[in-house]
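Novice: Next up is a structure, given as structure tokens.
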Amino acid sequence: MIKVSDLVAGYGDNIVLDGVNLDVESHEILVIMGQSGCGKSTLLRHIIGLNRPISGTVEIDGTDITRMDEAGYRAFCRSMGVLFQTGGLFNSMTVGDNVAFPLREHTRLAEPVIEIVVRLKLDQVGLRGVEKQMPSELSGGMRKRAGLARALALDPQTLFLDEPTTGLDPIIAAGIDELILRLHRQYGATMVVVAHDRASCMRIADRIAIFRDSALVEVGTPDEIQSSDNEYVKQLLERRPPEEDGGTSTSSYVSGEATA
């Protein structure tokens with residue numbers, strides 16, 4: 001479904017991703033993990049076409065989005081949904097208008113039909129009756145759910161979720177995890193999730209990709225990742241501080257077979 005090949009990406013002179021190769025299979029949930037600043041969100045932004053790479057390609061369903069024209073990219077946007085870290089809601093719009101935004105942008109549906117779709121999507125994420133509220137009136141967990149409802153508005157083939165449980169208490173975060181799994185069963189969509197919470201990652205992932213310092217370290221099922229011999233992977237999962245590395249260099253963490 002998604003094929004990232006030899007991706008080099010950065011900002012100015014700062015290289016954030018250096019020669020990344022990664023495949024995402026159709027209908028799977030792939031979770032991307034790694035330390036802060038390792039390039040997780042940058043990778044996501046390149047996969048959804050918000051950033052152009054320095055070199056390399058990103059193919060989705062056989063089409064290289066790095067070479068799409070504007071018309072092609074707009075068509076691609078209709079097939080995907082994105083949940084940004086903070087929910088990404090427009091603060092000047094009601095919750096209902098936020099969810100309706102992609103429908104008004106990408107379809108010619110009549111307003112009464114859009115209103116019905118908005119209610120259905122909000123109901124799917126457990127937010128019945130909040131259409132008239134403003135984002136500032138919602139809790140953090142509710143804003144995440146509203147952002148997810150907007151991401152689902154066009155019934156996308158692919159969903160991209162950036163830190164869906166960050167900043168939430170454990171009970172609310174567990175509810176978001178269960179919602180992601182339920183929506184995956186309902187839609188059968190391919191999902192790419194950036195996350196750092198071990199419990200959440202192990203609960204929702206079909207496979208996990210581990211990043212460190214611009215490089216892909218390891219890819220595997222949750223069981224394979226938990227039994228990994230890679231020192232960095234063990235350090236990440238066990239939440240051990242860097243000073244317990246024993247001085248291991250960055251290069252020694254990176255497996256030569258860390259491609260999917």
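Read the figures in this text as sums done on the coordinates, not as results from a lab. Since this is a predicted model, take the numbers as computed values, not measurements. Please note: Cβ atoms are built from the backbone with ideal geometry, for glycine as well, and neighbour counts cover all protein chains shown.
Novice: Taking a spot 7 Å from the Cα of Gln186 along the direction of its beta carbon, which residues of the stretch 107-145 have an amide N less than 14 Å from it?
Specialist: In the stretch 107-145, the label zone of Gln186 (backbone N under 14 Å from the point 7 Å along Cα→Cβ) covers 117-129, 145.
Novice: Separate question: When Lys and Arg each count +1 and Asp and Glu each count -1, what net charge do the other residues less than 13 Å away from Asp206, Cβ to Cβ, add up to? Please list the in-between numbers first.
Specialist: Numbers: positive: Arg185, Arg203, Arg207; negative: Asp23, Glu25, Glu28, Asp223, Glu224.
Spelling it out: positives minus negatives among the neighbours equals -2.
Novice: Amide H to amide H under 5 Å from Glu28: which residues, 5+ apart in sequence or cross-chain, H placed 1.01 Å off N in plane?
Specialist: Those lying under 5 Å, H to H, from Glu28 are Met191.
Novice: Using the charge dipole of the chain (Lys, Arg: +1 at Cβ; Asp, Glu: -1 at Cβ; taken about the Cα centre), state which of Gly147, Ile210, Ser5 has its Cα farthest towards the positive end.
Specialist: The residue sitting farthest along the positive end of the dipole is Gly147.
Novice: Given the Cα atoms of the chain, and with Rh set as the inverse mean 1/r over their pairs in the Kirkwood sense, what is Rg to Rh to two decimals?
Specialist: Ratio value, two decimals: 0.98.
Novice: While we're on this one: In Å, what Kirkwood hydrodynamic radius results for the stretch 30-136 from the alpha-carbon pair distances?
Specialist: 16.1
Novice: Taking the Cα centre of the chain as the origin and placing charges on Cβ (Lys, Arg +1; Asp, Glu -1), which of Leu183, Val31, Leu89 is farthest toward the positive end of the dipole?
Specialist: Comparing the listed Cα positions along the dipole, Leu89 ranks first.
Novice: Run the reach check for Lys132 against lysines, Cα to Cα strictly under 28 Å, same-chain hits fewer than 8 apart removed. What comes back?
Specialist: Partners within reach: Lys121, Lys144.
Novice: Once you put a point 7 Å from the Cα of Ala110 and another 7 Å from the Cα of Glu137, both along the Cβ direction, what distance in nm separates them?
Specialist: For the pair Ala110/Glu137, the computed spacing is 2.8 nm.
Novice: Taking the Cβ of each residue in Glu28, Glu105 as the centre, tally the other Cβ atoms inside 10 Å and list the residues starting with the fewest.
Specialist: Lowest to highest Cβ neighbour count: Glu105, Glu28.
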